[in-house]
1. Taking interchain pairs and intrachain pairs at least six residues apart, which have beta carbon atoms under 7 angstrom, with the first residue in the range 96-118 and without any contact (Cβ under 8 Å) to a residue 24 or more places away in the chain and of a type outside the set (S, T, N, Q) and the second open to solvent by less than 80 Å² (accessible area, probe 1.4 Å) and outside any helix (DSSP H, G or I)?
2. Can you tell me which residue in the range 85-111 is modelled with the lowest pLDDT, limited to those that are touching a Gly at 6+ places or on another chain (Cβ under 9 Å), open to solvent by less than 50 Å² (accessible area, probe 1.4 Å) and assigned to a loop (DSSP other than H, G, I, E, B)?
3. Could you list, in sequence order, the residues of the range 63-82 that are assigned to a loop (DSSP other than H, G, I, E, B), in contact (Cβ under 8 Å) with a residue 24 or more places away in the chain and open to solvent by less than 60 Å² (accessible area, probe 1.4 Å)?
4. What is the one condition in (1) modelled with pLDDT of 95 or more; (2) open to solvent by 40 Å² or more (accessible area, probe 1.4 Å); (3) charged (D, E, K, R); (4) under 27 Å from residue 168 (Cα atoms) that residue 44 does not satisfy?
5. Return the residues of the range 114-126 that are open to solvent by 50 Å² or more (accessible area, probe 1.4 Å) and either over 15 Å from residue 65 (Cβ atoms) or not charged (D, E, K, R) (or both); say none if nothing qualifies.
6. Could you identify the single residue in 12, 29, 4, 49 that is modelled with pLDDT of 95 or more, open to solvent by 50 Å² or more (accessible area, probe 1.4 Å) and hydrophobic (A, V, I, L, M, F, W, C)?
7. Name the residues in the range 213-231 that are in contact with a Gly (Cβ under 9 Å, 6 or more places away or on another chain) and either free of Cβ contacts under 8 Å to residues at least 40 places away in the same chain or hydroxyl-bearing (Ser, Thr, Tyr) (or both), would you?
8. Please enumerate the residues belonging to the range 32-41 that are closer than 21 Å to residue 2 by Cα and either open to solvent by 30 Å² or more (accessible area, probe 1.4 Å) or among the basic types (Lys, Arg) (or both).
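The values are calculated or read from the model by the stated rules, or taken from the named source; none is laboratory data. Given the structure is predicted, the values throughout are model-derived calculations rather than measurements. Note that we place each Cβ from the backbone using ideal geometry, even for glycine, and neighbour counts take in every protein chain shown. With ligands, DNA and RNA removed, areas are computed over all heavy atoms of the protein, side chains included. Shrake-Rupley method; radii C 1.70, N 1.55, O 1.52, S 1.80 Å.
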Amino acid sequence: MNTLLKGKKIVLMGVVNKASIAWGCALALQNCGATIVYTYQNDRVKKQLDKLITEEDITVQCDVSSDAEIEQAFNEIHEKVGNIDGVVHSIAFARKEELEGELTEASREGYGIAQDVSAFSFIAVCREARKIMNEGGSISTMTYVGSSRAVNNYNVMGLAKASLESAVRYLAVDLAKQDIRVNAVSAGAIKTLASSGIKGFRNLLDEAIERTPSGKQVTTEEVGKAVAFLMSDLSTGLTGDVIYVDKGTHLS
């Protein structure tokens, strides 16, 4: 363990199971000495989360589709640990039927759900997090290259990620008044519960590996290390940025 994040309290949103990108972030944050507050959507997710953490770890329920629950969650976090130093938002969702075929086949409702959970939730989280965040804090979210390229079957999620990245830039300006940094990490293709819903994801994963200069797939742990850097004081010069952690897949 190193001391890069010693004394820092980080809220981590989005751990579902061991394969989650958020769990890779958890391991990196733990290794750097951070105190982590885990949020979970519901009791079903809590059962999975409990298998990964200890009884001493702090957990708070937070369904990001509800503004009231987000507010309540951050009030509870403040009661439990006081002010926080960072938030990692690793949450996205689109209905499976929206992640196949052509974008013209998308439904209005499905588009709205993807935007609400994957993009607007980040805005809502920032609104509450800033109220209890120390100056010099850091907020990070997860995106994907499908925000700027047409990726087969990614469809409404690609549009949601584009919205998310735009929100990062606007929020970086807004929260700079409190010396809070806002950034995004664009992770490479990784097999997770969320990505498994994309039709043909196995082919997408193989293609991504072939496009990396090293021919190796990025890991959740490598993404986590980048997030730990963004949570640390080493990243005080960065805000409003999208950092690619994909073994160079975006280069070609």
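1. Pairs found: 113/94; 113/95.
2. The extreme case among them is 99.
3. 64, 82
4. Of (1) modelled with pLDDT of 95 or more; (2) open to solvent by 40 Å² or more (accessible area, probe 1.4 Å); (3) charged (D, E, K, R); (4) under 27 Å from residue 168 (Cα atoms), only one is false for residue 44: (4).
5. 120, 123
6. After applying the criteria, what remains is 4.
7. Selection gives 213, 214, 217, 218, 219, 220.
8. 35
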